[in-house]
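So the structure is just underneath, and the comments pick up after that.
The values are calculated or read from the model by the stated rules, or taken from the named source; none is laboratory data. Keep in mind the model is a prediction, meaning the values are calculated, not measured. Glycine gets a Cβ as well: all are built from the backbone with ideal geometry, and neighbour counts include every protein chain shown.
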Amino acid sequence: MNTQPSTSSRLQRLDGSPVRVLVVDDESNLTELLSMALRYEGWEVRTAATGAAAVRAAREFQPDAVALDMMLPDFDGLEVLRRMRGDNAGVPVLFLTAKDAVEDRVAGLTAGGDDYVTKPFSLEEVVARLRALMRRTAIVADESSSVLVVGDLTMDEDSHEVTRGGEQVQLTATEFELLRYLMRNPKRVLSKAQILDRVWNYDFGGQANVVELYISYLRKKIDAGREPMIHTMRGVGYVLKPAS
């Protein structure tokens with residue numbers, strides 16, 4: 001396998017942190033090589049050598065993508081996929097399969113896997129396919145890009161243009177900053193205190209209802225007549241999630 005990583009633009013989470021990839025294979029040499037290539041991309045990597053360890057790691061690590069071997073010592077990749085998707089329905093999975101196991105590739109895609117590569121593979125191919133899968137999930141972005149995308153909601157940070165489902169949304173400056181903070185932290189619950197500190201840059205001294213007020217403004221513009229993306233977690237805060 002080629003050990004030279006790709007040189008294309010790096011990805012990061014929308015909050016600026018490294019993307020997370022879980023590598024599952026019982027061949028330690030392969031996981032070491034693949035982990036090295038992925039870390040060279042600037043990504044955070046966790047590995048697992050069994051199905052049970054993979055399911056635990058996925059629950060704790062919350063990866064943005066998974067490279068998953070079909071054949072594991074305890075149970076197969078299809079069962080790992082089923083259990084992982086029970087906790088995180090949207091995580092993209094790239095199956096690693098034996099070259100002659102056509103039935104494994106078909107079974108993996110039929111069961112909900114997103115893509116596959118056959119062994120032996122080049123590290124560049126795995127990196128490229130994982131990057132493509134993560135771009136599709138709309139929770140990562142090229143670090144050089146000014147466009148944020150969560151589901152069908154798009155924000156251009158340079159032009160300040162916002163669209164949902166292709167329709168333009170007009171926002172005030174404060175509404176824009178609030179939405180930007182939510183979009184940079186998709187699927188993450190943000191407290192009123194965090195929002196006040198980030199959007200208004202100081203503590204309102206108990207005036208947290210300003211957050212509720214601006215969330216209501218955003219909902220009228222973003223969610224009106226559509227499936228909601230902005231959700232209230234009572235007693236905790238707010239979260240932006242792609243419409244299912």
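Just to be sure, is A37 over 17 Å from V127 (Cβ atoms) and modelled with pLDDT of 90 or more? Lay out the reasoning, then the answer.
Values: over 17 Å from V127 (Cβ atoms): no; modelled with pLDDT of 90 or more: yes.
No.
Only residues that are crowded, with 16+ Cβ neighbours inside 10 Å and under 19 Å from the mean Cα position of the chain (by Cα): list them for the stretch 57-80, please. Once the filter is applied, which keeps residues that are crowded, with 16+ Cβ neighbours inside 10 Å and under 19 Å from the mean Cα position of the chain (by Cα), the stretch 57-80 yields A57, A58, F61, P63, D64, A65, V66, A67, L68, V80.
Of the strands (runs of 3 or more DSSP E) lying entirely inside the stretch 147-230, those carrying at least 2 residues that are of a type outside the set (S, T, Y) and surrounded by fewer than 19 Cβ atoms within 10 Å (Cβ to Cβ) are 167-169. Quick check: is even one residue across the stretch 116-137 crowded, with 16+ Cβ neighbours inside 10 Å, part of a loop (DSSP other than H, G, I, E, B) and modelled with pLDDT under 90? Yes, the stretch 116-137 contains at least one residue that is crowded, with 16+ Cβ neighbours inside 10 Å, part of a loop (DSSP other than H, G, I, E, B) and modelled with pLDDT under 90. A search for C-beta distances below 7 Å between a residue of the stretch 216-240 that is free of Cβ contacts under 8 Å to residues at least 24 places away in the same chain and any residue that is crowded, with 16+ Cβ neighbours inside 10 Å, counting only pairs 6+ apart in sequence or on different chains, returns R219/I230; D223/M229; D223/I230; H231/Y238; H231/V239; H231/K241; T232/Y238.
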